[in-house]
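A quick write-up on the structure given underneath.
The values are calculated or read from the model by the stated rules, or taken from the named source; none is laboratory data. Source: prediction; values computed, not measured. Positions of Cβ are backbone-derived with ideal geometry, glycine not excepted, and every protein chain shown enters the neighbour counts. Protein only, heavy atoms only, side chains kept; ligands, DNA and RNA dropped before computing areas. Shrake-Rupley method; radii C 1.70, N 1.55, O 1.52, S 1.80 Å.
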Amino acid sequence: MLWAVCQILIFPGFLFLGVYSLIFEFLDRKMVARLQNRQGPPWYQPLADFLKLLGKEVIIPEGAEKKFFPVLPVVALAAVSAAYLCVPTYKISAVYPLEGDLIMLLYLLTLPTLTFFLAGWYSTSVYATIGSVRVLTQLFSYEVPLFMALLAPALLAGTWSLSGLAYYYSLHPLHVLLNIPALAVALIACQGKLERVPFDMPEAETEIVTGAFVEYSGRLYAIFRVAIDAELVVISSIIAAIFLPFYSANPALGLLLYVVRTLIILFVLALFRAVMARVRIEQMVQFCWRILTPLAIFQLVLNLILRGVLP
């Protein structure tokens, strides 16, 4: 029981996820800065920003929904933290592997996006409302190709468990090459899910300030920021578990491999963010439905065919 509590609260649970999220934010900002020929922030900047927000006053707008407004950041962080417990990290099996946990993970990772929408909607601010509508519009665009891109490898592996997927592809590493189209779709779609450039329309600083979060301040906004950083870690870990299935029986080496794999995913996402400009919301919708979705469908059909052919 004590070991289970330590896994949930310390490693690889909530505490490790929080620390790694701050490291991820620093590395993301630093890599983007260097790719754009800028200096970038010091290593302690994400922690300093978090502590500064904790010390600021929480202001709830007069017209906001008083019951839901302060709860939404906690729900977002709780959903992401719960999802992380089902993701393999330093070993091939997650802390709490379940048959069908891939479906549960996709559901849990949808909850933060819904809280972003509700945060803007219940703020009753014009800027927040515009941001929340953009959040929901993007959700209907990237969610279908992202789900199909992550479920296609599961069809080939014959399991809906993320730990089972990691085990299958660690035994058949060459089969990962068959899922390269799905990897491309997942990387691009998760940029939209994380609201990163070029799909950062819901939080476009030059247009609508901070979008759905414009009325949030203090510790509530700090929790939202941690939830967003943690979601980046969780999604990178899921993609790494499915498409980069390299593990070790040694826990220390396994943790090192996990860090390397997730950092590779982070570098690709940072590269997208550094070299691309923001697109309009209708361009994002057209791109997801005309290009990403057909590519994801192609991967699904291909894996269904290969499932009956491969040993």
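Laid out as a table, the results:
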{"quantity": "Lysine pair count for the chain [Cα-Cα under 28 Å; pairs on different chains or 8 or more apart]", "calculated": "11"}
{"quantity": "Calculated FRET value between residue 3 and residue 310, using beta carbons and R₀ = 45 Å, to 0.05", "calculated": "0.75"}
{"quantity": "Helical segments meeting 20 Å axial Cα length and Kyte-Doolittle 0.5 threshold in the chain (DSSP H)", "calculated": "14-35, 101-123, 126-157, 218-243, 251-275, 293-307"}
{"quantity": "Coil-residue trypsin sites (Lys or Arg not before Pro) of the range 14-45, DSSP, other Cβ within 10 Å capped at 12", "calculated": "38"}
{"quantity": "Separation of the residue 54 and residue 172 label points, Cα + 7 Å toward Cβ, nm", "calculated": "4.7"}
{"quantity": "Heavy-atom accessible area per residue - the range 85-167, 1.4 Å, Å²", "calculated": "35"}
{"quantity": "Whole-number accessible area per residue in Å² for the range 205-282, which is evaluated in the context of all protein chains at 1.4 Å", "calculated": "40"}
{"quantity": "Carbon and sulfur %, accessible surface of the range 55-188 computed with the full protein complex present, 1.4 Å", "calculated": "74"}
{"quantity": "Longest segment of the chain lacking GluC sites (Glu not before Pro) that sit in a DSSP loop with at most 14 other Cβ atoms within 10 Å", "calculated": "100-311"}
{"quantity": "Apportionment of accessible area to carbon and sulfur, the range 191-311, percent (1.4 Å)", "calculated": "70"}
{"quantity": "Within the range 258-292, trypsin sites (Lys or Arg not before Pro) in DSSP loop having at most 11 other beta-carbon neighbours inside 10 Å", "calculated": "280"}
{"quantity": "Fully extended contour minus Cα-Cα distance, from residue 252 to residue 37, at 0.36 nm per residue", "calculated": "73.9 nm"}
